[in-house]
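Colleague: To start, I am sharing the structure in question, which I have written as structure tokens.
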Amino acid sequence: MIPALTPNYNRANLAFERGEGAWLWTTDGRRFLDFGSGIATASLGHGNKHLADAIAEQAHKVMHVSNLYRIPQAERLAERLVANSFADSVLFCNSGAEANEGMIKMMRKTMFNEGKPERYRLITFEGAFHGRTLGALAATGNAKYLEGFGPPAEGFDQVPFNNLNAVRDAIGPGTAGIIIEPLQGEGGVRPAQIQFLKDLRAACDEFGILLGLDEVQSGMGRSGKLFAHEWAGIKPDVVAAAKGIGGGFPLGAVLANERAAKNLTPGTHGTTYGGNPLACAAGNAVLDVILAPGFLADVTRKGQLLWDGMAALAHDFPSVFEDHRGSGLLQGLKCAIPVGTVQEACTAEGLMTITAGENTLRIAPPLVVTDADLAEGLAMMRRAAQRCVPDAGKAAAQ
Ligand SMILES: *Cc1c(COP(=O)(O)O)cnc(C)c1O
């Protein structure tokens with residue numbers, strides 16, 4: 001018989017009842033170090049008092065009024081994001097897929113309103129992940145995810161990642177823009193080269209098309225900057241954000257410059273929940289922490305600690321790990337053996353990790369992770385790697 005909860009996930013047999021910082025306790029009292037953050041989402045870790053208090057306080061006052069009315073919490077959150085990014089304006093929604101849908105619609109409508117309705121096609125990249133709604137899924141372009149769901153939404157042209165010639169070849173009279181993750185998360189923690197991002201910006205300017213970035217995973221401080229594209233020194237036209245933006249409370253956002261944002265006039269796009277007082281109270285509480293002086297610099301510093309530790313693992317266990325990559329507190333180890341085996345060994349050590357494409361072990365601790373947590377997590381990874389060495393007995397005896 002089918003379970004009451006639709007079985008569309010492969011869930012680990014672990015149930016958590018409370019957490020503190022980077023640590024979680026299961027209902028049966030076991031303790032785990034969370035280096036997955038609920039897929040790079042619990043940016044402030046678990047049980048964060050500032051975030052929990054902000055949500056509770058707002059919940060007691062007013063949770064939801066709809067976008068038929070002004071929402072001061074949303075206005076404040078938007079103003080703060082605008083003040084701290086390339087954006088001139090912010091549209092709120094509830095998830096990463098929805099943020100990408102909003103971005104896609106905004107990019108197409110911009111071309112339409114600029115008198116080029118034939119320019120609706122978007123260039124996307126192999127290994128991308130943009131979400132599971134039909135539009136985002138077509139942008140994702142992964143045959144495995146598309147199968148069985150009817151004809152994919154039209155208007156997406158996928159090219160190889162980090163390949164400028166392929167991008168320039170794909171730009172045609174029907175192209176509205178380019179959508180890329182500056183750091184592919186699901187695809188295997190694969191960074192776009194800094195020069196590639198600069199070249200994409202230049203190509204968009206040359207052809208008068210728009211650059212849209214999916215920073216659902218790489219954004220909100222994960223890379224050590226508020227948005228990962230800042231490392232390339234470029235200004236995109238539109239950015240999709242979600243995951244860490246609410247610290248675990250469902251919230252998404254489309255940040256855009258004026259050229260793009262002004263096209264979503266009343267009646268063209270909308271959502272019932274998007275940017276409601278409760279979600280925006282959470283978003284503001286997260287920003288209080290992330291934008292505090294020195295916080296992002298400390299994420300970069302901790303990212304370097306993690307980098308050094310993981311690089312040492314890759315060096316010391318070449319039979320387990322074949323590549324190490326990432327940025328800030330989002331890093332990956334491409335495995336030489338099935339990643340599931342490595343993840344299981346980590347879990348057995350008490351460390352929660354995530355897998356990603358290209359047989360990659362993905363590490364994304366909460367942004368508030370401590371140096372001691374990082375040291376402990378790296379020690380767990382090392383013991384896990386030891387268990388995974390093909391002739392483990394021999395390696396342990398050395
Ligand atoms: C997770 C993710 C999404 C989808 O977000 P949902 O909230 O699951 O809809 C889209 N893009 C990227 C880069 C992601 O990591």
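The values are calculated or read from the model by the stated rules, or taken from the named source; none is laboratory data. Computed from a predicted model, the values in this text were never measured in an experiment. Positions of Cβ are generated from backbone atoms using ideal geometry, with glycine treated the same way; all protein chains shown enter the neighbour counts. Please note that ligands, DNA and RNA were not included when accessible areas were found on the heavy atoms of the full protein model with its side chains. Shrake-Rupley method; radii C 1.70, N 1.55, O 1.52, S 1.80 Å.
Colleague: Can you find even one residue in the range 260-271 that is open to solvent by less than 10 Å² (accessible area, probe 1.4 Å), assigned by TED's automatic domain parsing to the domain that holds Ala87 and in contact with a strand residue (DSSP E or B) (Cβ under 8 Å, 6 or more places away or on another chain)?
Modeller: Scanning the range 260-271, I find at least one residue that is open to solvent by less than 10 Å² (accessible area, probe 1.4 Å), assigned by TED's automatic domain parsing to the domain that holds Ala87 and in contact with a strand residue (DSSP E or B) (Cβ under 8 Å, 6 or more places away or on another chain), so the answer is yes.
Colleague: Any idea which of Glu57, Glu75, Glu20 is within 23 Å of Pro266 (Cα to Cα) and not polar (S, T, N, Q)?
Modeller: Glu75
Colleague: It is to be established whether one or more residues within the range 69-76 are closer than 30 Å to Ile171 by Cα and touching a strand residue (DSSP E or B) at 6+ places or on another chain (Cβ under 7 Å).
Modeller: no
Colleague: Looking only at the range 352-377, count how many residues are touching a His at 6+ places or on another chain (Cβ under 9 Å) and surrounded by fewer than 19 Cβ atoms within 10 Å (Cβ to Cβ).
Modeller: Number of matching residues: 0.
Colleague: Quick one: is Ala40 on the phi < 0 side of the Ramachandran plot and either buried (at least 24 other Cβ atoms within 10 Å of the Cβ) or more than 16 Å from the ligand (Cβ to nearest atom) (or both)?
Modeller: Criteria not met by Ala40.
Colleague: Would you call Glu215 open to solvent by 10 Å² or more (accessible area, probe 1.4 Å), within 28 Å of Ile245 (Cβ to Cβ) and within 12 Å of the ligand (Cβ to nearest atom)?
Modeller: No: the conditions fail for Glu215.
Colleague: Next question. Do we have any residue at all in the range 94-115 that's under 23 Å from the mean Cα position of the chain (by Cα), assigned by TED's automatic domain parsing to the domain that holds Ala282 and aromatic (Phe, Trp, Tyr)?
Modeller: No, the range 94-115 has no match at all.
Colleague: In addition: Only residues in the range 248-272 that are within 16 Å of the ligand (Cβ to nearest atom) count as the first member; pair them with residues that are open to solvent by 20 Å² or more (accessible area, probe 1.4 Å) and part of a loop (DSSP other than H, G, I, E, B), Cβ under 7 angstrom, at least 6 apart or cross-chain, and list the lot.
Modeller: So the pair list comes out as Gly248/Thr41; Pro250/Asn94; Pro250/Ser95; Leu251/Asn94; Gly252/Asn94; Gly252/Ser95; Leu255/Ser85; Thr271/Asn94.
Colleague: Report whether or not Ser85 is in the same structural domain as Glu258 (by TED's automatic domain parsing), more than 16 Å from the ligand (Cβ to nearest atom) and on the phi > 0 side of the Ramachandran plot.
Modeller: No: the conditions fail for Ser85.
Colleague: Could I ask something else about it? Does Arg76 qualify as being part of a helix (DSSP H, G or I), closer than 29 Å to Gly357 by Cβ and open to solvent by 10 Å² or more (accessible area, probe 1.4 Å)?
Modeller: So Arg76 fails the test.
Colleague: Contact list please: Cβ distance under 8 Å, first residue in the range 196-220 and at pLDDT below 95, second residue open to solvent by 30 Å² or more (accessible area, probe 1.4 Å) and within 16 Å of the ligand (Cβ to nearest atom), pairs at least six apart or on different chains.
Modeller: Close Cβ pairs satisfying both conditions: none exist.
Colleague: On to the next question. Just to be sure I understand, how many residues within the range 273-300 are part of a helix (DSSP H, G or I) and either touching a residue at least 40 places away in the same chain (Cβ under 8 Å) or within 16 Å of the ligand (Cβ to nearest atom) (or both)?
Modeller: So the answer is 19.
Colleague: Within the range 261-308, track down each residue that is of a type in the set (Ser, Thr, Tyr) and over 23 Å from the mean Cα position of the chain (by Cα).
Modeller: Thr265, Thr268, Thr272
Colleague: Any chance the range 301-308 includes a residue that's out of contact with any Asp or Glu (no Cβ under 9 Å at 6 or more places or on another chain) and touching a residue at least 60 places away in the same chain (Cβ under 8 Å)?
Modeller: Scanning the range 301-308, I find at least one residue that is out of contact with any Asp or Glu (no Cβ under 9 Å at 6 or more places or on another chain) and touching a residue at least 60 places away in the same chain (Cβ under 8 Å), so the answer is yes.
Colleague: Something else: Could you list, in sequence order, the residues of the range 97-153 that are part of a loop (DSSP other than H, G, I, E, B) and among the small types (Gly, Ala, Ser)?
Modeller: Gly115, Gly127, Ala128, Gly131, Gly141, Gly148, Gly150, Ala153
Colleague: Just name the residue that is surrounded by the fewest Cβ atoms within 10 Å (Cβ to Cβ) out of those in the range 94-134 that are on the phi > 0 side of the Ramachandran plot and within 16 Å of the ligand (Cβ to nearest atom).
Modeller: Among those residues, the one meeting the criterion is Gly127.
Colleague: So how many residues does the range 43-72 have that are more than 14 Å from Phe249 (Cα to Cα) and surrounded by 21 or more Cβ atoms within 10 Å (Cβ to Cβ)?
Modeller: Residues flagged as more than 14 Å from Phe249 (Cα to Cα) and surrounded by 21 or more Cβ atoms within 10 Å (Cβ to Cβ) within the range 43-72 amount to 1.
Colleague: Just wondering, is there one or more residues in the range 191-211 that are within 11 Å of the ligand (Cβ to nearest atom) and within 26 Å of Ala83 (Cβ to Cβ)?
Modeller: no
Colleague: What is the number of the single condition among (1) open to solvent by 40 Å² or more (accessible area, probe 1.4 Å); (2) of a type in the set (A, V, I, L, M); (3) in contact (Cβ under 8 Å) with a residue 40 or more places away in the chain that Leu33 does not meet?
Modeller: (1)
Colleague: Out of Gly208, Gly174, Gly155, which single residue is open to solvent by less than 10 Å² (accessible area, probe 1.4 Å) and more than 21 Å from the chain's Cα centre (by Cα)?
Modeller: Gly155
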